[in-house]
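Visitor: Questions regarding the structure given below will be posed in turn.
Just so you know, all these numbers are worked out from the coordinates, no wet-lab data involved. On a predicted model such as this, the values are computed, not experimentally measured, just so you know. Here the Cβ positions follow ideal geometry from the backbone for every residue, glycine too, while neighbour counts run over all protein chains shown.
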Amino acid sequence: MIEKQIRLELSGKLTSEILYAAAFIHPAVRDVSVEGSQWRFQLDGEVDAGLLERGLKKLSERFEIASDFAIDPVFTLEFPEGGAKNGGREDLENGIAVQEIHPGLNVYRDPVSSLVRFLDQAILDRFAAPFGAVEETYPNCIPVSALGLAEHFSSFPEHLHYLVHLIQDLDELDAFAAKAKEEKDRVALDGAAFGQAELVHNPSTCYHCYASRRGGQVDANTAITAITKCHRFEAANHKEFGRLLEFSMREIVFLGHPDYIRDRRIESLRLIQELAEDWRMFGELVQSNDPFFTTDFSAKAVHQQRMAMKFEYRMTIPGQEKKLSVLSSNLHGVTFAKAFSMKRPKGPLHTGCLAFGIERMALSIIAQHGVDLNAWPENLAAEYHSWKSCRGGKNR
């Protein structure tokens, strides 16, 4: 491993955004850290220091506007003084309940696997049911054309995981199979042998809700719920706790009159606070913005902040300073209605959503409270035991 150090004075308020994005400056970057004005890059190959410095400056200019964003929490549930320094982190890092098979890609076993299933049912009961949400089932991948209409490519290109297949050519297929026999798990991919990518792993569940209604009319205020496995490539950032390549996202999507969407937002924030307090999910609810990666950041992030379009609940993770976002409440205005030509009988169609990262919630709960159910907060333990006694929760 090669270490390169770059001395560069940047605004302290931008450190988090730049640390994340710096992992994308070059493919050889394996870790980035900063202390004061000293930036350290861990690299698995030689990279020119000038390229690293130019990358940092470019990111600083891109995210400069974020230094003006307010981050005062709507409400805070403080981690108790005297709480375990590392909580249940050791239970998650021993390779038993969570086994990493690739950066950001995990195999989950009890108690995490059961907790993931319980949380999804609890979200249905606590959020989807009160809103009268109707369940739909979506694929885990989505056509490139649909994601293009959502402008995801221009805002979050770093996340994309394309799906490709070998071309329909007998000679190419035979050559690949012969090579695979020799190289087994080291088969090198030849780009020429692959066809055009028409599908991409879906980065957010709600895109299917809009794409499947393209060109249609939404006659009444509507709530839809669905869960899919989402993919987001995050380079060296997958080493961070809860930064997953693949994860389950349960969403409740709202479509309808602007007043309906705003009312659902108000009620959503109330239900989020109720959940956090009932289960003692220590953290804070804060106004936020999407991490637009490209030059879109300035215009789109400022718009989201000014219009209070995004709130996140960020849970405290014992043993680390940075909190982990586990759910968000989002307003989209007419963005997706216009993109997918959706309309109401009269007036503009607005959309919004509630999004829950199920594995992140499970990992954060165990990080705070451990794997011993007897030590869990009373309400959380009671609901979990009730679900377990029903062999997987209520049928809807």
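Visitor: Using a Gaussian network model on the chain with a 10 Å cutoff between Cα atoms, which of I18, I96, I272 fluctuates the most?
Guide: Its mean-square fluctuation being the largest, the pick is I96.
Visitor: Same structure, new question: How would you rank 236-245, 168-177, 279-288, highest first, on the average number of other Cβ atoms within 10 Å across their residues?
Guide: In decreasing order of mean packing, 236-245, 168-177, 279-288 become 279-288, 236-245, 168-177.
Visitor: What dipole magnitude, in Debye to the nearest 20, does the chain give about its Cα centre under +1 on Lys/Arg Cβ and -1 on Asp/Glu Cβ?
Guide: Charge dipole of the chain: 1060 debye, to the nearest 20.
Visitor: Between Y162 and S33, what is the label-to-label distance in nm when each label sits 7 Å out along the Cα-to-Cβ direction?
Guide: 3.6 nm
Visitor: Test of understanding: in a Gaussian network model of the chain with alpha carbons linked when under 10 Å, which of R214, R30, R40 would top the mean-square fluctuation ranking?
Guide: R40
Visitor: Moving on to the next point. Would you mind checking which residues have amide H under 5 Å from L105's amide H? H placed 1.01 Å from N; only 5 or more apart, or other chain.
Guide: Amide H neighbours of L105: L245.
Visitor: Quick check: from the Cα gyration tensor, does region 2-68 come out rounded (a/c under 1.5), prolate or oblate?
Guide: prolate
Visitor: Further question on the same structure: Just to be sure I understand: with springs between alpha-carbon atoms less than 10 Å apart, which residue in E246, E234, E267 has the highest mean-square fluctuation in the Gaussian network model of the chain?
Guide: Largest GNM mean-square fluctuation: E267.
Visitor: Calculate the spin-label point distance for S212 paired with R126, positioning each point 7 Å from the Cα along the beta-carbon direction, and give it in nanometres.
Guide: About 2.6 nm separates the two model spin labels.
Visitor: Express in whole angstrom the spacing between the alpha-carbon centres of region 139-169 and region 358-372.
Guide: Using only Cα atoms, the two centres lie 31 Å from each other.
Visitor: How many angstrom lie between the Cα centre of region 259-283 and the Cα centre of region 319-350?
Guide: Distance between centres, Cα-based: 16 Å.
Visitor: Quick check on the chain: helices-only [θ] at 222 nm, where DSSP H runs of length 4 and up contribute -39,500 (n - 2.57) each and the sum goes over total residues. Nearest 500, please.
Guide: -9500 deg cm²/dmol
Visitor: Next question, about the same structure. Would you mind checking K229/K338; K58/K338; K310/K338; K57/K338 for any pair whose Cα atoms are more than 30 angstrom apart?
Guide: K58/K338; K57/K338
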